[in-house]
There are 4 protein chains.
Amino acid sequence: MRADVHRFSLTDPGDVSGLAAAIAAGRIDPATIVAVIGKTPGNGLVNDYTRGYLTLSLALLIGGATGETPDAVRARVPFVFSGGVEGVLSPHYSVFTVVADAAPAQPGVPALAVGVAFTPELSPSDIGRQAQIDATAAAVDAAMAQAKIATPADVHFVQVKGPAFTLADIVASAAAGRPAATDNPGKLMGFGRAASALGVAGALGEVPAERAVESAVFKDFSLFSAVASISAGVEVRTNEVIVVGLSTAWSGPLTIGHRTMADALDIGAVHALAGSLGFTPGVQIAADEAARIRAAFVKCEAARDGLVRGRPHTMLNDGDIDQQRHIRGAVGAIVASVLNDTALFVSGGAEHQGPDGGGTIAVIAERH
Amino acid sequence: MRADVHRFSLTDPGDVSGLAAAIAAGRIDPATIVAVIGKTPGNGLVNDYTRGYLTLSLALLIGGATGETPDAVRARVPFVFSGGVEGVLSPHYSVFTVVADAAPAQPGVPALAVGVAFTPELSPSDIGRQAQIDATAAAVDAAMAQAKIATPADVHFVQVKGPAFTLADIVASAAAGRPAATDNPGKLMGFGRAASALGVAGALGEVPAERAVESAVFKDFSLFSAVASISAGVEVRTNEVIVVGLSTAWSGPLTIGHRTMADALDIGAVHALAGSLGFTPGVQIAADEAARIRAAFVKCEAARDGLVRGRPHTMLNDGDIDQQRHIRGAVGAIVASVLNDTALFVSGGAEHQGPDGGGTIAVIAERH
Amino acid sequence: MRADVHRFSLTDPGDVSGLAAAIAAGRIDPATIVAVIGKTPGNGLVNDYTRGYLTLSLALLIGGATGETPDAVRARVPFVFSGGVEGVLSPHYSVFTVVADAAPAQPGVPALAVGVAFTPELSPSDIGRQAQIDATAAAVDAAMAQAKIATPADVHFVQVKGPAFTLADIVASAAAGRPAATDNPGKLMGFGRAASALGVAGALGEVPAERAVESAVFKDFSLFSAVASISAGVEVRTNEVIVVGLSTAWSGPLTIGHRTMADALDIGAVHALAGSLGFTPGVQIAADEAARIRAAFVKCEAARDGLVRGRPHTMLNDGDIDQQRHIRGAVGAIVASVLNDTALFVSGGAEHQGPDGGGTIAVIAERH
Amino acid sequence: MRADVHRFSLTDPGDVSGLAAAIAAGRIDPATIVAVIGKTPGNGLVNDYTRGYLTLSLALLIGGATGETPDAVRARVPFVFSGGVEGVLSPHYSVFTVVADAAPAQPGVPALAVGVAFTPELSPSDIGRQAQIDATAAAVDAAMAQAKIATPADVHFVQVKGPAFTLADIVASAAAGRPAATDNPGKLMGFGRAASALGVAGALGEVPAERAVESAVFKDFSLFSAVASISAGVEVRTNEVIVVGLSTAWSGPLTIGHRTMADALDIGAVHALAGSLGFTPGVQIAADEAARIRAAFVKCEAARDGLVRGRPHTMLNDGDIDQQRHIRGAVGAIVASVLNDTALFVSGGAEHQGPDGGGTIAVIAERH
């Protein structure tokens, strides 16, 4: 098997002409698409409908090309979109394909490996609770097996997209005797990210299973996954899980690496990751080398103690701009300045995803 | 003469306890304060009153210590505050002092030099027009002479704070037969920054005087100053001008340098500036070395063509977050990640201040 | 012919289950749908993609029911969506249907009449210019003829949805030698609304044709239409025109009326309109009577002189919330409080639509 | 004694020229000022410094006129400012004065009566807890006694301004072993409003004392005060309490009334209150009659069940505009349209202040 990643620029979530052209030109066989991950030009919060819009647009396009219904496409392909392209960031979507590879894999050379899985549908009262932790862990196991990734150490990125609920959903659930963990829609998104991250961490052994439990959600931030990236949106109802790593069962020119960012200013982690992927050391990857980058994924969040390296930040006191928009713009710019690439998947809300106040970065690139 | 720079953290614009403690402890003689430049926790737009609040708080504090009235302090000391500390940035204010130096200047070793001047009061109809260009240029000349800076090449930073006007002011001016350049308050701030920058560029010979004219304002962006940093706010009525550079007429341990940022991702300019100031090369200045930094000033803006390095950005289409807030958060984070310092004066609206889509950076530091 | 209006609540622009259920139950024949007007939960500004999302969702639904392609549905049915449901307002969409009426029209009793038309495609350089004025006027004529409305006095509401363009479109147009009226995307939306309104006013004789010209756009606000309601969005490329009025050529139980609002506090206009439609006088229409309301349309805007009844407002100085969001929330609440109905189409940006600082209101209701 | 209310328009919180002119002209004796209540042009959330700025400006002005220090003025005069003048609302401040009245009170005719009191300083860990409830109740008792208001039935308005804390304060308190009720600064403001409202309700007997307890805070919304109006801000450290009512111990031409608003559309309550104060019935008070209004106070909030009269609102799902800004703009416009007055004190966050999803309105006016 051989995995490939194709990244397309996006302006309007209703305009998927980039992928359409690639399909029309025969560069992508739509039947081989296994996942799409992207950043849309919304606010990334509860009332962000750009994610659902792009999902519908792509499901229509792919289904039109394969003969599937849009619903069948959505049942097969995880569409993981995160809103918010603050500052220098550029909206885009990355299409993952898997094809049978005529050429035999190079023995002993691990290549990019991808697996996907879905949890059952989750209701408002499942979010942030043990049900979501366990379902996510099971899906990670399934996706890892599908990807033929041998050990957790070879997993470099686990993207999860889980459901968000509006106030109406939350009120209805409570009225039906199943109260959600919080009645604040935005806060419930955070609970969902946190529980899903613990599910990933438990599945991969980053956190002992007995500690990856509901009582730790949003409480014990010493527990985290170094490879999980969780988003939430009103446009999905299951946890969609994409596991990406390295496996000698796969072939092709792509590789992946990841690093933990200790805090929002940890530019050293970005340089270290670039170095590990064979990029020439320097303050910024040159444009011709940067063309080797196929996709990059960043999780980050505003430090809860209100400080960045000892100085106060204002992100958590701001009533005009949500803290996630602040931190995405800041950390995204730092990573973009090193990678010389602005089409980055930068996502806030890194609860239990990387250390508190820090985050994670993963990059897929052509092997050096 | 000897110039010094003292930087204080700020949370609430009504809390100037940092400077108060320094005065009380005798670390700063309030009579020696010649200028204050800072970033406040507002939105940095027309309806940002944090700038005026901090101005009043400091004028009261200084006047209380010197026996001057607050108005007398404001007539003597430029208070240049810019709102908006997006992302990792930290609100703060930098106090410039000038003292007679008992020790003779080291012959031939240039040291930090500071001069200040004020234009006459400007009315809404002056903003963005030749009157503002000319008045600013004259004030730059005066401040440069006061600072005993020999040549324009020794000027590394010119901070100007000019007036902004609310809709009511603009409407009143038009009714009095003196229409402003635009009836949009936010846009008029931009006109004022643009004209003031051309005034600086003309005074320093960066732009030939015959081209530093009203007809070029907001039109010919090939004309710019590489050292100007202009802010506007409703709390001032003149252009307050602070010229900072190097001069052998001054003594003390501080120096200053500047660089042009070609675009928002020009992290190389930041590294080059750090290198020129003697910081150890690397991806980030170490914390102990970063303690040598006394203040840093950055101007930046969203590229008008909608692109950063060929990829679309969304800053100019966003109806929820002003483009200045986007770009400050992004470029500020990049600079902070290299300098290992978040208490940066990062200001948007860089019309004619650095190349279009780019900006400038200046750093005051202890000599290596 | 008989026109009907069916209003559906909306939460997510991807959820059109309201109309789907009505079609499934046989309450609406999808082939009879001639127009849809609605308010979506976006910001109503350039980067509002909820309008396009709902358009796609409805085109898919209707096309799926009639056998048309989504594109064919969009070419036939104007979908006019305006984003922004501030304060008490409720997102919704109103579906206009026209059916042949077996029963003869009541002689001499005018009933609700609807006609639609489309201009040719408009490019960025057409917006705000004579081309848009003239094309709109021609489309109004065509729609009025289709609606068999005898005289302009019988036209009570003209809804136009015209194109908006992002910065990328504007830059590309300028590069191709066809500069737009402004390079600010949000401002260009305003130009388009203004020119379209003058086109309506010219077609209906509210403004003499020789004064409904490009040179008056955004300049002479004494010229306006009392029945025009113009919105703009990136999801359309023509001016889509819906003319609604009264005609004895039509039958059915519905009627329509309109009033001019002199300013944002003109609650008297709302009461007067309610009275003219036969609602019982009082401070608020009782719930059972309010059920007669089928749809209501309001245009409003922040007074350009910064005053409401002599006191300053802050809407035009605000850098955090766009002035359209302010005024929609305010005027929408006033109208809602009288009509006892929050599912109102309230749209900002009323340039040349009603008097400066005021606006218009139209209500479709069952005849008393 | 005789109480008077003087209302001044505000644009910039640093510009208190309105009151300055009144003092200079002898219309107000600054020594007689007992309280100031106003709306400032900030966002009304945690990072709103316009409240503190206006407080400082007024304390300086009054102290300058009386010879008191600003701190002495602040210790004597409650300054209660609420940020956020959305939509048609106009920033302003209302100055309450009390003078000895040479003329005897009209026997049996109750007149406007005012009393003020302060609680001890409150720390982050007191907010939302029994300590704040009890201290507020005691202050209400004291202010009522000072005002010589005979019975709770004669109390028509109780304004409280309590402390808000930034994230840094909250983190520090938790580190010191005194965790706050929540670590979210905005949410903690809500806890403070809620507990203070229960304190008022308990003191006035609106809620039995045994139910005005910490365990009911933010939980049992059937418990509320019909006259309490609570704001919070970082600029104060005590609960400042102003009790306004009617008493035959006072003289003068002013009266006050209040009504409960059942929900956000309860325009009937506004008309009923206007009627009770002798205004001519109609859809809007005429301008000449509206001149009798001296001040109006409104509390409101977005209904927690996401519905206004059965239709969904979007206020609680919005990530761009805080729900308080939405509801102030909406309810403020409704009240303004009836009173024909936009200089209203409209404040969101009506937890336990009026019924859930509704609020309260109080008007001070010259007697008919």
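Brief remarks on what is shown
- Options C:50, C:69, C:55; residue that is more than 29 Å from residue C:331 (Cβ to Cβ), among the β-branched types (Val, Ile, Thr) and within 14 Å of another protein chain (Cβ to nearest Cβ): C:69
- All of (1) surrounded by fewer than 24 Cβ atoms within 10 Å (Cβ to Cβ); (2) within 18 Å of residue D:217 (Cβ to Cβ); (3) hydrophobic (A, V, I, L, M, F, W, C) hold for residue D:153 with one exception: (2).
- Residue identified as more than 14 Å from every other protein chain (Cβ to nearest Cβ), free of Cβ contacts under 8 Å to residues at least 60 places away in the same chain and buried (at least 22 other Cβ atoms within 10 Å of the Cβ) among C:244, C:207: C:207
Okay, residues lined up against (1) touching a His at 6+ places or on another chain (Cβ under 6 Å); (2) among the small types (Gly, Ala, Ser); (3) closer than 18 Å to residue A:267 by Cα:
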| residue | (1), (2), (3) |
| --- | --- |
| B:251 | no, yes, no |
| B:258 | yes, no, no |
| B:269 | no, yes, yes |
| B:294 | no, no, no |
| B:307 | no, no, no |
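- Condition met for residue C:236 (crowded, with 23+ Cβ neighbours inside 10 Å, within 14 Å of chain A (Cβ to nearest Cβ) and either part of a loop (DSSP other than H, G, I, E, B) or among the small types (Gly, Ala, Ser) (or both)): yes
- Put simply, of D:271, D:313 the only residue that is surrounded by fewer than 24 Cβ atoms within 10 Å (Cβ to Cβ) and modelled with pLDDT of 95 or more is D:271.
- Condition check for residue B:148 on (1) surrounded by fewer than 22 Cβ atoms within 10 Å (Cβ to Cβ); (2) within 14 Å of chain C (Cβ to nearest Cβ); (3) in contact with a strand residue (DSSP E or B) (Cβ under 6 Å, 6 or more places away or on another chain): one failure, at (2).
- Residue under evaluation residue A:280, criteria (1) touching a residue at least 60 places away in the same chain (Cβ under 8 Å); (2) more than 12 Å from every other protein chain (Cβ to nearest Cβ); (3) in contact with an Asp or Glu (Cβ under 8 Å, 6 or more places away or on another chain), criterion not met: (1)
- Conditions (1) within 30 Å of residue A:326 (Cα to Cα); (2) touching a residue at least 12 places away in the same chain (Cβ under 8 Å); (3) within 13 Å of another protein chain (Cβ to nearest Cβ): number failed by residue D:308: (1)
- Looking at the range D:114-224, the helices (runs of 4 or more DSSP H) lying wholly inside it that each contain 1 or more residues that are closer than 27 Å to residue D:257 by Cα sit at D:130-146, D:185-203.
- Taking the criterion of being touching a strand residue (DSSP E or B) at 6+ places or on another chain (Cβ under 9 Å) and buried (at least 24 other Cβ atoms within 10 Å of the Cβ), the residues of the range A:166-189 that qualify are A:167, A:188, A:189.
- Any chance residue C:90 is in contact with a strand residue (DSSP E or B) (Cβ under 9 Å, 6 or more places away or on another chain), over 30 Å from residue C:216 (Cβ atoms), surrounded by fewer than 24 Cβ atoms within 10 Å (Cβ to Cβ) and at pLDDT 95 or above: no
- Any hit, the range B:220-238, residues being touching a His at 6+ places or on another chain (Cβ under 7 Å), of a type in the set (A, V, I, L, M, F, W, C) and not assigned by TED's automatic domain parsing to the domain that holds residue B:195: no
- Residue match in the range A:6-25 (condition: within 16 Å of residue A:343 (Cα to Cα), within 14 Å of chain D (Cβ to nearest Cβ) and modelled with pLDDT of 95 or more): no
- In the range B:104-116, the residues that are buried (at least 24 other Cβ atoms within 10 Å of the Cβ) and among the hydrophobic types (A, V, I, L, M, F, W, C): B:112, B:113, B:114
Here is a yes/no grid of residues against (1) within 13 Å of chain C (Cβ to nearest Cβ); (2) of a type in the set (D, E, K, R):
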{"residue": "D:261", "(1), (2)": "yes, no"}
{"residue": "D:290", "(1), (2)": "yes, no"}
{"residue": "D:295", "(1), (2)": "no, no"}
{"residue": "D:304", "(1), (2)": "no, yes"}
{"residue": "D:313", "(1), (2)": "yes, no"}
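- Some residue of the range B:191-210 being on the phi > 0 side of the Ramachandran plot and either in the same structural domain as residue B:313 (by TED's automatic domain parsing) or touching a Leu at 6+ places or on another chain (Cβ under 7 Å) (or both): no
- The single condition from (1) within 16 Å of the chain's Cα centre (by Cα); (2) in a loop (DSSP other than H, G, I, E, B); (3) surrounded by fewer than 22 Cβ atoms within 10 Å (Cβ to Cβ) that residue A:85 fails is (3).
- Selected residue [buried (at least 24 other Cβ atoms within 10 Å of the Cβ) and over 13 Å from the mean Cα position of the chain (by Cα)] from C:335, C:298: C:335
- The residues in the range C:115-126 that are within 20 Å of residue C:213 (Cβ to Cβ) and within 18 Å of the chain's Cα centre (by Cα) can be counted, and the count is 1.
- If only residues of the range D:178-197 that are farther than 19 Å from residue D:359 by Cβ and basic (Lys, Arg) are counted, the one that is nearest to the other protein chains (Cβ to nearest Cβ) is D:187.
- Exactly one residue out of D:72, D:35 is surrounded by fewer than 23 Cβ atoms within 10 Å (Cβ to Cβ) and either assigned to a helix (DSSP H, G or I) or not polar (S, T, N, Q) (or both), and it is D:72.
- Flag for residue B:341 being within 14 Å of chain C (Cβ to nearest Cβ) and at negative phi: no
The values are calculated or read from the model by the stated rules, or taken from the named source; none is laboratory data. Nothing here was measured: the structure is a model prediction, and the numbers come from that model. Reconstructed Cβ throughout: ideal geometry from the backbone, glycine too, with neighbour counts over all protein chains shown.
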